[in-house]
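Nothing in this text is a laboratory measurement; each read-out follows from the coordinates by a stated rule. Just so we're clear, the structure is a prediction, and the values are computed from it rather than from any experiment. Neighbour counts run over all protein chains shown; Cβ positions are idealised from the backbone, glycine included.
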Amino acid sequence: MRTLFKKFAVITGILLIASTIASFQKSEKYTLAPKFKKGDILKYKMVSDNETAFSNQKVAMTMEMAYSFDVKEVNKDNYLLHLKYDAMKMNMPLMGLTFDSNTEDDVITPQNFSPLFKLLTKQTFELKMSKGGKVESFKGMDDLGKKIAAAFDPSVPDEMKNQLTEQFGKQYTQEGLKTIFDQMSATYPSKPVEVGDKWTQEVEIPVSGISTKINLTMTLKSVENNVALIDVDATLDTAENAEIETNGIKIGASYKGTQKGTTKLDLKTGWTIESTITQNISCSMEIMGNKTDMSIVSTMNISRY
């Protein structure tokens, strides 16, 4: 009887120790924040596959992009980074269109829009990020619209030139790109977190020129070998009666959808290791009383290279 009691006491003690260790591990808090060093250069590649379905048709599009961050300054309250797009390529098989920044052409023609992407790769953008990961400013877009307008071949009709410049300007405004990077930096919570904790952020980004609100919820799922695994869950929604104007024609548009994915973050540096996101969006557009509904499914993978 005494032997049985001793065994029970030993087992109970082991379980209590294991429980205490597990409880300690669970309650450990992690600081998820950028810890950049001057001179750091990190290169990423992004591949995005999109399928848009409307009127019994499906249009596929693949976007490939390579870009790099160069840490120029480490200040008391923020970091100064230079962002450069190293390569950009978009392929739309159904329409027989391919835009590629790796072109020798510098002139935009009705048959060749690749120089648009080439212009982007020639720009260097300046990004200021707080020590907590918040994007404070984004510069470098001011003169890009003028460069695009000047790159058109004289044979391009003014109507097409104005439309392309207008659409590009709406999608790639200085504030628009800032909010896109705001969404990326949402993986940084405002305070230390433990496994299982959630944090939220709301951002607005331009989608085809329309301001779209994204409500993000992040969850720290696990930490292993100084790599934090973060779940991302979000909803997308445009304001009621949202509209854009193209060539004097007003187009009503609305977007609703979800965004789910995961992000791996290096705890030592704060740099993203890999991120995968899937979006499911329902879109409704109305032009001169004619309404068109469409669905958009997209997957995006960002990784180092």
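What to note about this one:
- A crude spin-label estimate for the pair Lys198 and Asn56, with each label 7 Å from Cα along the Cβ direction, gives 4.3 nm.
- Computed E for Lys139/Ser211 - FRET, C-beta separation, R0 30 angstrom, nearest 0.05: 0.90
- Long pairs among Lys139/Lys260; Lys72/Lys118; Lys76/Lys139, criterion Cα-Cα beyond 22 Å: Lys139/Lys260; Lys72/Lys118
- Whole-Hz Karplus values for segment 107-123 come out as 10, 7, 10, x, 9, 8, 9, 4, x, 4, 5, 4, 4, 5, 6, 8, 8 Hz, taken residue by residue from phi with 6.51 cos²θ - 1.76 cosθ + 1.60 and θ = phi - 60°; glycine and proline positions read x.
- Net charge of the neighbourhood of Asn91, taken over other residues with C-beta under 9 Å away and scored Lys/Arg +1, Asp/Glu -1, is -1.
- Listed values for segment 38-47 are Karplus-derived 3J(HN,Hα) couplings in whole Hz (6.51 cos²θ - 1.76 cosθ + 1.60, θ = phi - 60°), namely 4, x, 4, 10, 10, 10, 10, 10, 10, 10, and x replaces Gly and Pro.
- Ordering of 189-197, 77-85 by packing [mean C-beta count within 10 Å, highest first]: 77-85, 189-197
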